Amino acid sequence: MVSEQNKNIISAIKQSDLNSYKALRDLLDMAKIIADAQGDNDLTYALKLTDFIKRKIPTLPPSAGMNELYWEALKFEAPHRFESFLLYMERKRRPEKRFYQPRRKTLHIVAEDLQDLEDGKLDFYGLSMPPRVGKSTICIFFLAWVIGKRPESHNAMSGHSGILADRFYTDVLKLTTSEEYTFSEIFPNVTAPKTSSDKNELRYDEIESFATLTCRGIDGTWTGAVDISADGYLYVDDMVRDRTESLSPKRLENRYQDYLNVLVDRKNDGSRELMVGTRWNVLDPLGRVEKENKNNPRYRFRKIPALNEHDESNFEYDYGKGFSTQYYRDMREKLDRNEWMAKFMQNPFIREGLLFPLDELNYYGGVLPDGDYITAAACDVAWGGGDSLSMPFGKAFESREDGPVYISDWIFNQGDKYVTKPLVVAKTLQHKPNMERFEANNGGDEYAESVDAMLKEQGFKTNITWAKASNQIGKMAKIIQYAPDIKRRFWFLKPELQDEEYKNAMEELGMITQVGKNEHEDSADGLVQLLQLISGEMYATCEAMERPF
């Protein structure tokens with residue numbers, strides 16, 4: 001605990017002129033004194049003081065003394081705060097040559113995530129970003145930081161090839177030994193490593209039987225040669241070699257089993273894990289781990305796409321580093337949509353067995369051809385809990401039974417009935433459909449009656465029906481049955497015209513596969529019901545009764 005005497009000294013300093021160099025210098029000196037007590041609470045308190053100093057200095061007139069004080073505060077924090085380590089490590093480098101500072105606006109959240117991992121708030125951290133934006137480099141810095149903090153720990157890095165492991169070995173060695181970086185200032189008691197380039201091993205503590213860091217491809221020797229201590233890390237980077245491998249479910253399964261049986265097998269109880277990669281496919285190792293730990297609060301999965309919600313680059317860094325908005329927009333136009341979504345937007349796909357590949361669907365620009373139309377809507381009711389209410393609105397020519405259906409709008413919402421009913425009513429009043437159909441399963445009939453009553457209160461009346469889905473055919477079998485007609489007849493709004501819910505519905509639709517298990521099929525189910533409604537296919541219920549005569 002921080003002593004009352006030290007608290008009184010700090011209080012007196014804060015009552016002085018905190019805009020002065022002397023007051024801030026005194027605060028930093030007190031932070032060092034308090035940290036020397038080596039208690040967790042003492043260090044936390046000391047770091048609060050240095051954080052105040054760092055935030056205060058940029059608000060004051062620049063001076064050589066203040067600048068040095070800022071760097072000294074960073075150096076004090078560097079063994080304990082990962083972002084301070086990142087900044088101080090590159091103090092000697094020219095600003096335009098630095099890795100982290102020009103990328104800080106985007107990578108700050110990653111640095112904070114890695115801090116949580118080291119602080120024991122997480123057991124696993126998964127990071128997905130586009131190629132060449134710094135995801136591997138920040139993790140190499142992280143490993144160097146861990147080595148400085150615990151040179152006696154055992155850590156391992158692996159990837160899809162030995163070449164990748166060679167690069168990591170070289171980069172960590174450079175960070176911890178080159179005079180270009182300040183590693184020896186931050187960790188003066190860590191000796192130069194004993195190296196073994198043929199084994200890609202770095203030993204910063206000669207007493208330990210296993211290396212502080214081993215970098216080895218997944219096809220290398222692990223059993224008996226690699227150990228990951230209870231306070232160490234398994235760092236896995238790019239398990240999937242390339243696009244070709246990502247398209248083979250069998251190869252992905254083999255890669256996942258290798259990950260479990262070769263890499264995870266070397267972890268001790270308490271070891272933490274960091275996995276980084278391009279999200280090619282939902283069946284890749286990172287996707288499998290995410291699915292299995294979706295609701296585990298000690299597993300965090302960070303995905304940063306190339307373009308943000310405003311269609312602007314997340315990676316346009318300072319000093320001309322990174323990638324501009326126009327670069328990514330041009331790349332989007334050139335690539336297959338699924339490859340763009342996976343590699344750059346961190347939205348992985350299964351190409352094999354897709355029922356509705358988005359690049360194979362029909363699109364229109366929002367303007368309908370001349371003619372007389374009927375408007376219809378079909379609602380796959382949901383009650384929250386992860387499922388989505390799916391209600392596409394379609395317009396079809398009255399005179400063409402097998403003609404095109406234009407999906408002009410789409411409610412796709414995970415809210416409960418109190419959220420979705422007003423949406424259904426509002427969209428119905430907006431589009432004024434000639435008919436609406438609700439699936440009656442699980443209370444959908446009551447939902448439809450409630451919507452009908454709400455519409456009548458608004459003075460609008462339409463043909464609302466509800467029916468239970470046939471129990472003669474399963475949902476997925478029904479979707480597969482109607483998929484060809486949906487792809488042939490349905491025309492969807494161009495992506496730039498879609499609102500958020502429409503986009504979410506299309507995103508789910510484009511991921512539905514007839515091989516393996518789908519997490520949700522609500523978007524497709526709504527389209528099937530709409531096609532049945534427009535085509536005049538209705539299910540009826542019958543009840544047995546005595547003959548009246």
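The values are calculated or read from the model by the stated rules, or taken from the named source; none is laboratory data. Predicted, not measured: the structure shown is a model, and the values here were computed from it. Here the Cβ positions follow ideal geometry from the backbone for every residue, glycine too, while neighbour counts run over all protein chains shown. The protein model used for the area step is the full one, side chains on, heavy atoms only, and it has no ligands, DNA or RNA in it. Shrake-Rupley method; radii C 1.70, N 1.55, O 1.52, S 1.80 Å.
Quick notes on this structure:
- At most 15 other Cβ within 10 Å, DSSP loop - chymotrypsin sites (Phe, Trp or Tyr not before Pro), region 351-411: Trp383
- Working note: Karplus 6.51/-1.76/1.60 with θ = phi - 60° gives region 116-121 the couplings 4, 5, 5, 6, x, 7 Hz, where Gly and Pro are set to x.
- Extending 7 Å from Cα along the Cβ direction at Asn434 and again at Asp198 yields two label points whose distance is 8.2 nm.
- Projecting label points 7 angstrom from Cα along Cα→Cβ for Glu496 and Asp311 puts them 0.5 nm apart.
- Remark: spin-label model distance Lys97-Thr191 equals 3.0 nm, labels positioned 7 Å along the Cα→Cβ axis.
- With 26 Å as the limit, the listed pairs Lys427/Lys503; Lys75/Lys174; Lys417/Lys461; Lys432/Lys475; Lys427/Lys468 have Lys432/Lys475 beyond it between alpha carbons.
- Residues with amide H under 5 Å from that of Val405, placed H, sequence gap 5 or more: Phe490, Trp491
- Within region 384-443, trypsin sites (Lys or Arg not before Pro) in DSSP loop having at most 16 other beta-carbon neighbours inside 10 Å: Arg400
- A simple rule links phi to the HN-Hα coupling: the Karplus curve 6.51 cos²θ - 1.76 cosθ + 1.60 with θ = phi - 60°, which for region 169-180 gives 4, 5, 5, 5, 4, 5, 4, 8, 10, 6, 5, 5 Hz, with x for Gly and Pro.
- In range of the label at Tyr21: residues from region 51-68 whose backbone nitrogen is under 19 Å from the point 7 Å along Cα→Cβ: 53-68
- Relative contact order (%) - region 207-306, alpha-carbon pairs under 8 angstrom, separation at least six: 32
- Within the accessible area of the chain (1.4 Å probe), percent carbon and sulfur: 47
- Built amide H within the under 5 Å cut-off of Ile228, gap 5+: Asn268
- Full-stretch length increase - Asn362, Asp336 - with 0.36 nm per residue and alpha-carbon distance subtracted: 7.8 nm
- Seen from Phe142, the other residues with C-beta closer than 13 Å to its C-beta sum to a net charge of -4, counting Lys and Arg as +1 and Asp and Glu as -1.
- Think of it as helices only: each DSSP H run of n ≥ 4 in the chain is worth -39500 (n - 2.57), and spread over all residues that comes to -12500 deg cm²/dmol at 222 nm.
- The loop-placed GluC sites (Glu not before Pro) in region 272-310, going by DSSP, that have at most 11 neighbouring Cβ atoms within 10 Å of their Cβ come out as Glu309.
- Prolate/oblate/rounded label for region 98-158 (Cα gyration tensor, a/c 1.5): prolate
- Counted residue by residue at 0.36 nm each, then reduced by the alpha carbon distance between them, the extension gain from Asn254 to Gln458 reaches 67.6 nm.
- Anisotropy class of region 282-389 from Cα gyration tensor, a/c 1.5 cut: oblate
- Taking volume of the Cα convex hull per residue in Å³ as calculated from this structure, the corresponding entry among (i) 234; (ii) 202; (iii) 167 is (i).
- The C-alpha atoms of the chain define a longest principal axis, and helix 64-77 lies at about 70 degrees to it.
- Estimated at 0.36 nm per residue, the fully extended path between Arg298 and Lys468 surpasses their Cα-Cα distance by 57.1 nm.
- Between 0 and 90°, nearest 10: helix 40-56 axis offset from the chain longest Cα axis: 80
- Overall form of region 437-495: oblate. Here a/c, set by the Cα gyration tensor axes a ≥ b ≥ c, is 1.5 or more, and a/b is not larger than b/c.
- At a probe radius of 1.4 angstrom, the accessible area of the chain per residue rounds to 48 square angstrom.
- Modelled FRET efficiency - R0 51 Å, Ile374 with Ser161, Cβ distances, 0.05 increments: 0.30
- Positive contributions from Lys and Arg (+1) and negative ones from Asp and Glu (-1), summed over other residues with Cβ under 10 Å from the Cβ of Pro131, come out at +2.
- The calculated FRET efficiency for the pair Ile207 and Asp29, based on their C-beta separation and a Förster distance of 22 Å, comes to about 0.05.
- Put a plus charge on the Cβ of each Lys and Arg, a minus charge on the Cβ of each Asp and Glu, and nothing anywhere else: the dipole of region 95-244 about its Cα centre is then about 620 debye.
- The angle between the Cα long axis of helix 475-489 and the main principal axis of the chain comes to about 80°, on a 0 to 90 degree scale.
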